[in-house]
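This report refers to the structure that appears directly beneath it.
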Amino acid sequence: MDKARIRELLQDATVDSCDEDEAFWGLFYALDEGLSFPLQAQVLGEVASLVDLDGARSGLRRGVMARVRKGDREYTVALSEVEVLDPDPASAEWLAVYRYWLGEDVADLVGPS
């Protein structure tokens, strides 16, 4: 996937947005639909399962919050703190879109544009 594809997906997710808040929620719902839960992940150095996104705790200032399960314990962490291990192609695309939206360098995730 190249940077043009990331920009295209982000544009599709936020096309009807009138402001940053609406753009955030457009991206949130695109992520919620695009990620294939559960996903094996690493959080704070421990292997866990990314099981869902938490809309009640997410917001423009806070970012996308994710629900993570380790054993019988479930907790909420920032999606930006979750490293998904070997995601399926669609999930990998949407995770790259989120990192791009955050302003992170996605050079390691994408090829040249």
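The values are calculated or read from the model by the stated rules, or taken from the named source; none is laboratory data. Since this is a predicted model, take the numbers as computed values, not measurements. Every residue, glycine among them, receives a Cβ derived from its backbone with ideal geometry; neighbour counts consider all protein chains shown.
Pairs are defined by a Cβ separation below 8 Å, a sequence spacing of at least 6 or placement on different chains, a first member in region 80-105 that is at positive phi, and a second member that is assigned to a loop (DSSP other than H, G, I, E, B) and charged (D, E, K, R); no pair meets this definition. Report yes if residue 33 is more than 20 Å from residue 9 (Cα to Cα) and of a type in the set (Asp, Glu), otherwise no. In short, no. For region 56-87, a tally of residues being charged (D, E, K, R) and outside any strand (DSSP E or B) returns 6. The set of residues from region 56-77 being exposed (fewer than 15 other Cβ atoms within 10 Å of the Cβ), of a type in the set (Gly, Ala, Ser) and touching a residue at least 12 places away in the same chain (Cβ under 8 Å) comprises just one member, 59. The residues of region 41-55 that are surrounded by fewer than 13 Cβ atoms within 10 Å (Cβ to Cβ) and not in a loop (DSSP other than H, G, I, E, B), listed by number, are 46, 47.
Tell me which residues, restricted to region 31-40, are in contact with a Phe, Trp or Tyr (Cβ under 8 Å, 6 or more places away or on another chain) and assigned to a loop (DSSP other than H, G, I, E, B). Across region 31-40, the qualifying residue is only 35. Look at residue 68 and say whether it is of a type in the set (A, V, I, L, M), over 21 Å from residue 103 (Cβ atoms) and modelled with pLDDT of 95 or more. Yes; evaluated as a whole, the condition is true for this residue. For region 1-30, filtered to residues that are assigned to a helix (DSSP H, G or I) and among the acidic types (Asp, Glu), the residue that is surrounded by the fewest Cβ atoms within 10 Å (Cβ to Cβ) is 20.
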